[in-house]
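As structure tokens, the structure follows; a few thoughts come after it.
The values are calculated or read from the model by the stated rules, or taken from the named source; none is laboratory data. Bear in mind the structure is a predicted one, so any value in this text is a computation, not a measurement. Here the Cβ is made from the backbone with ideal geometry for all residues, glycine too, and neighbour counts use every protein chain on show. What goes into the accessible areas is simple: the full protein's heavy atoms, side chains included, and nothing from ligands, DNA or RNA. Shrake-Rupley method; radii C 1.70, N 1.55, O 1.52, S 1.80 Å.
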Amino acid sequence: DVVEVRFQAVSTGAMAASDAGPSLAASLARGVSVQGSNGTLELDGVWMIVAEFELEGEEEGDDDICPGVDGDDCHEFEAPPFFAELPLDQGYVAVAVDEVPPGVYQEFEFEVEDLDDDDEEDGTGASELLSEIRASFPNWPTEASLRIVGTFTPEGGDTQPFEVYVDAEIEVERDLIPPLEVADDDTPSAEAIVVAVDPLAWFKRSDGTVWDLSQYDFEQTGVLLDFEVELEDGFMEIEVEEMG
């Protein structure tokens, strides 16, 4: 079956102010800029490589659901890497994940990471995906997993545009609430996994400043921004929704 994964941009401020609580519908981003004590950071585009995508269900196998499969291998699924642009408005980007075995999946894992040599040796299609990415972005470095474009305006200064490539390692592991149920037939799943992302939270500092990403403009510096993101700092919520 085909399972749809939807990536949405959210705002932590909107979530905190919402009377309805931190639901995805209430927390859709109204903008993509954040004011810091040192200036204003605005994001115009975010692209990411999802190098690993996994679904996990019950640990014990069931011959009726997973014939010939024992124990931990039942209700486990790993998809090839894929590339997605994060919409910085009230929409979402949907990625169709094919051939998910029938079953009930209770945990969702994915990792944003570069397409390294190990992926190519494993036959995951990493080299083909990198070629596809470079058809749109010829300068995409092998070590990069994120591309971010936007502007930074320092206090009392001029706006500086940037195109930043990021050597990022972002690992996400969350329970699916409710669990994802994939039927034992040829119809696409009636449910979608919705991943809420707050990219602005990646670049806020505890002292009230924001990162000046113009210092990492790739055309000017040839330097990749290197960072790791903890789950609670950038991925606000993951849930299963009925597709309508």
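Of the listed requirements (1) among the polar types (S, T, N, Q); (2) within 26 Å of Leu55 (Cα to Cα); (3) crowded, with 16+ Cβ neighbours inside 10 Å, Ser127 misses just one: (3).
Residues are listed down the side, and each one gets a yes or a no for (1) at pLDDT below 85; (2) more than 30 Å from Thr40 (Cα to Cα); (3) touching a strand residue (DSSP E or B) at 6+ places or on another chain (Cβ under 8 Å):
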{"site": "Gln90", "(1), (2), (3)": "yes, no, yes"}
{"site": "Pro101", "(1), (2), (3)": "yes, yes, yes"}
{"site": "Glu143", "(1), (2), (3)": "no, no, yes"}
{"site": "Glu163", "(1), (2), (3)": "no, no, yes"}
{"site": "Val166", "(1), (2), (3)": "no, no, yes"}
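Screening Glu42, Glu58 for residues that are open to solvent by 40 Å² or more (accessible area, probe 1.4 Å), at negative phi and either at pLDDT 85 or above or of a type in the set (Lys, Arg) (or both) leaves exactly one candidate, Glu42.
Close contacts from segment 140-154, counting a first residue that is more than 21 Å from Ala51 (Cβ to Cβ) and hydroxyl-bearing (Ser, Thr, Tyr) and a second that is in a loop (DSSP other than H, G, I, E, B) and open to solvent by 30 Å² or more (accessible area, probe 1.4 Å), with Cβ to Cβ under 9 Å and a gap of 6+ residues or different chains, come to Thr151/Thr159; Thr153/Thr159.
The set of residues in segment 199-244 that are in a loop (DSSP other than H, G, I, E, B) and either closer than 13 Å to Val166 by Cα or at pLDDT 80 or above (or both) comprises Arg205, Ser206, Asp207, Gly208, Thr209, Trp211, Asp212, Asp217, Gly222, Val223, Leu224. From the list Val164, Val194, the lone residue that is part of a strand (DSSP E or B), in contact (Cβ under 8 Å) with a residue 24 or more places away in the chain and surrounded by fewer than 21 Cβ atoms within 10 Å (Cβ to Cβ) is Val194.
So is Val2 open to solvent by 10 Å² or more (accessible area, probe 1.4 Å), over 30 Å from Thr159 (Cα atoms), β-branched (Val, Ile, Thr) and at pLDDT below 85 or not? First the steps, then the outcome.
Working: open to solvent by 10 Å² or more (accessible area, probe 1.4 Å): yes; over 30 Å from Thr159 (Cα atoms): yes; β-branched (Val, Ile, Thr): yes; at pLDDT below 85: yes.
Against the criterion (open to solvent by 10 Å² or more (accessible area, probe 1.4 Å), over 30 Å from Thr159 (Cα atoms), β-branched (Val, Ile, Thr) and at pLDDT below 85), Val2 qualifies.
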